[in-house]
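The values are calculated or read from the model by the stated rules, or taken from the named source; none is laboratory data. Worth saying up front: this structure is predicted, and the values here are computed from it rather than measured. Note that each Cβ is placed from the backbone with ideal geometry, even for glycine, and that neighbours are counted across all protein chains shown. Calculation scope for accessible area: heavy atoms of the full protein, side chains included, ligands and nucleic acids excluded. Shrake-Rupley method; radii C 1.70, N 1.55, O 1.52, S 1.80 Å.
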Amino acid sequence: MNILQRRAQRTPSALSERINRRQDALWARWQALAPRDQLALGVLVVFLLLFVGGYGGYSMHQAAKDSKARYQEQIADYFWLRAQASNLSSTALNAGTVQEGADAQPPANRVNALLNESGIDNAQVVATGEAVQLSFSHPSQAVVSNVLGNLERQGWQLTQLSMQQDPTSKVIEVQGVADF
């Protein structure tokens, strides 16, 4: 037990003794400098500490600011995508599949299916060559806007569009011609 205690005592004292010797040598060199050199060296050390500390603090601040901006942008994108989720339909997600099967269905049936998927019942859809005439009514402006947006996303271009709202029932009546 005494041997372990002696070894434990020697190790820290040897290390502290070496540190003390180096500090003493450094202090002796400092004392040997002229007062003007001590002042110049002191000002240089303070300047370097302020410069390194200031620049380090500034760069850390800029990195944190940039990181926060990227995070805010990602959060904004997330909430925007979340808000757009109601505008996505299964046909829009599978656009490639719809386009492949599009040739199998007549244009009027494709438009009618799109209207039914969007929540429009009893729509009148008539094919006139490449164009399709459509007529429907719905009380919600959001649904009507969503339907017209879905038509455009599927590749239909509205060449004629007429929308009227009944003042008493607030139902929006839509009539239009769409080309593919």
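Tabulated results
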read-out	value
Residues (of a type in the set (A, V, I, L, M, F, W, C), modelled with pLDDT under 90 and either outside any helix (DSSP H, G or I) or open to solvent by less than 100 Å² (accessible area, probe 1.4 Å) (or both)) located in segment 1-27	Met1, Ala8, Ala14, Leu15
Hits in segment 112-147 (condition: out of contact with any His (no Cβ under 9 Å at 6 or more places or on another chain), farther than 14 Å from Phe180 by Cβ and among the β-branched types (Val, Ile, Thr))	Val126, Val143
Flag if Val147 is under 15 Å from Val125 (Cβ atoms) and β-branched (Val, Ile, Thr)	yes
Segment 134-180, residues that are small (Gly, Ala, Ser) and out of contact with any Gly (no Cβ under 9 Å at 6 or more places or on another chain)	Ser137, Ala142, Ser145, Gly149, Gly155, Ser169, Gly176, Ala178
Residue match in segment 37-48 (condition: open to solvent by 100 Å² or more (accessible area, probe 1.4 Å) and at pLDDT 90 or above)	yes
Every residue from segment 124-146 that is under 27 Å from the mean Cα position of the chain (by Cα) and at pLDDT 85 or above	Ser145, Asn146
Cβ-Cβ under 8 Å pairs, at least 6 apart or on other chains, segment 72-91 side over 23 Å from Leu115 (Cα atoms), far side open to solvent by 90 Å² or more (accessible area, probe 1.4 Å) and at pLDDT 75 or above	none
So Ser89, is it touching an Asp or Glu at 6+ places or on another chain (Cβ under 9 Å), modelled with pLDDT under 90 and under 30 Å from Ala178 (Cβ atoms)	yes
